[in-house]
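Remarks on the structure that follows.
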Amino acid sequence: MNDKYHLVYKTSTTPFFPANILVLCHGGSFRKLLGKKLKSTKFLAVIESGVVSWFFNKEFGKSAKIIYNKLLSSRVLLNKIKRKEKEISKLLLREIKTPIEKLFIGKKLSQTGEKKLRKIFDLCTDYGEHIDVPGFLFQVYSVEDFKAEIFKDLNKRKNVSNDIFNILLSSHKFTNYENFLFDLLRVVKYKKEDKSAIKRIADKYFWLLHDYLGDIVDEKYVKAKLNELRDDHGHLIEQYEKSQERILAIKKIKNELPDDAINKIETIQEILFLYNERKKEVVNQVNIYIRKVFEYKFRGISISRLHKMWQISPNDAIKLLKGEEITDLSKRDKKWVYSLHNGKVMNDSLSYLKLVATEGKNGSLKGSPASPGKIKGRVSVVLNVSQMSKFKKGDILVAPFTNVNYLPVMHRAKAILTETGGLTSHAAIVSRELGKPSIVGIKNLIATLKDGDLVEVDAEKGIVKILSSK
């Protein structure tokens, strides 16, 4: 069983239900994306103590390769993806404008409300197939293939290096989070901290930090951030300059490359931007809407209770909103296994709990060395961008994975540790660029370490030794 599946993502902040709506398409045949059917594979969501581990069938890599090759063979698939993104996102954002009280009769979801939510769920799954699938599969399965492809095109150029390749896989535009920080910087720098500026930023970025159950950026949140920055915003100026340097470096490199290589690079850059940035903008707004639906039904519900309630399937979520009882609801957050296949979600055998690693019980963790070095320090666990503000310079970053939104804390980290990813993951690439010790693919990392733990990172051997635990 262990040889058939591999861990691709693990988190304690992303409940099963809202994530499932988006990624349900990964167990399908990709007919809508490709116009033809591929062999579908079963994959698993294993829940233990509130932590969701997503395991993909290793056969899934074959589908990833087909999609990757189709993307690079011409611009047709990319153009289709961009067209579908505009089309589906427009429909989704229109659907979530429906007043929530109109979904209910009294405190029970009505037939009209059920129909509306199922339409939103279906649109999210459709959006996932066109936007989530290409970017996700590329990052998990195809980075090495892409690297070989680009190096093949450039094999006569002496200035080609891993550093150039790594820069090309960075964001070629300002990210959502960077734009948020730089909008704050402009307000502080030009001393235009009035109510209209605060409201404008809150309205523009209300969705930014939410993900599945994070913060909603409101005027109070923006005002607090501006207060933090009023006397100390030098690091934001530095970050702005580095972001500009990254974008200019990408443009400069591309100007020196042959047309064939530029076409391939631009295709992947656009796919990754849609996956990392545009998808977040759309899906976070949908997740906030669904959260408010639950909060309307269950008045006064806490985030922790909502997190537990969301460890259910979409069908069970509908039943819950209709006032029906859900079998074993109290167990779903503790030990549960779902399988996803051919567009369906099913309860599965608890024997799959064996897939969840038990590393860390002996005081140490092991992963793949990504950037050399040996160092001691305190841990700061950052599960998503909403938790970045707590990170202190010199902490050791612990994350499920990283992407471009993590760059501000990666620059300030003493070392970088991630639960998933390999030697070509974002964390591995950036840590090597920064010259910081890094270990990736550390099983049971998130479940074992917590804020303030003192650890020793040996990134030569890929070992994290827990010296003391808070």
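Points worth noting:
- Note on E295 and N342: the extension gain reaches 13.8 nm, defined as 0.36 nm multiplied by sequence separation minus the Cα-Cα distance.
- Projecting the Cα atoms of F30, N179, A427 onto the charge dipole of the chain (Cβ charges, centred on the Cα centre) puts F30 farthest toward the positive pole.
- Once the Cα-Cα distance is subtracted from the 0.36 nm per residue extended length, the A249 to D232 segment shows a gain of 3.3 nm.
- With 10 Å bins from 0: P(r) over the stretch 173-271, alpha-carbon pairs, percent: 14, 36, 27, 17, 7
- Shape category assigned to the stretch 63-154 from the gyration tensor of Cα positions, a/c cut at 1.5: prolate
- A crude spin-label estimate for the pair L353 and S49, with each label 7 Å from Cα along the Cβ direction, gives 1.2 nm.
- Near-label residues of the stretch 222-248 by backbone N, under 16 Å of a point 7 Å along Cα→Cβ of S389: 222-233, 236
- Here is how the number arises for the chain: DSSP H runs of 4 or more residues each give -39500 (n - 2.57), the sum is divided by the residue count, and the result at 222 nm is -13500 deg cm²/dmol.
- Over 25 Å (Cα to Cα) - which of K335/K465; K147/K366; K80/K280; K62/K86; K97/K297 fall in this group: K335/K465; K147/K366; K62/K86
- Charge dipole (Cα centre; +1 on Lys/Arg Cβ, -1 on Asp/Glu Cβ; no other charges) of the chain amounts to roughly 780 debye.
- Here the scattering of the chain is modelled by Debye summation over its C-alpha atoms, one equal scatterer each and no solvent; at q = 0.06, 0.11, 0.14 Å⁻¹ the log10 of I(q)/I(0) is -0.27, -0.97, -1.63.
- With the simple model of a label 7 Å out from the Cα in the direction of the Cβ, I375 to K147 spans 2.2 nm.
- The protection proxy used here, the mean number of other Cβ atoms lying within 10 Å of each residue, ranks peptides 328-334, 274-280, 125-131 as follows, highest first: 125-131, 274-280, 328-334.
- Put the Cα centre of the stretch 373-431 next to the Cα centre of the stretch 107-129 and the gap is 36 Å.
- The stretch between E87 and D203, if pulled fully straight at 0.36 nm per residue, gains 39.5 nm over its current Cα-Cα span.
Values in this text are rule-based calculations from the coordinates and carry no lab data. As the structure is a computational prediction, the values presented were derived from the model and not from experiment. We place every Cβ from the backbone using ideal geometry, glycine too, and count neighbours over all the protein chains shown.
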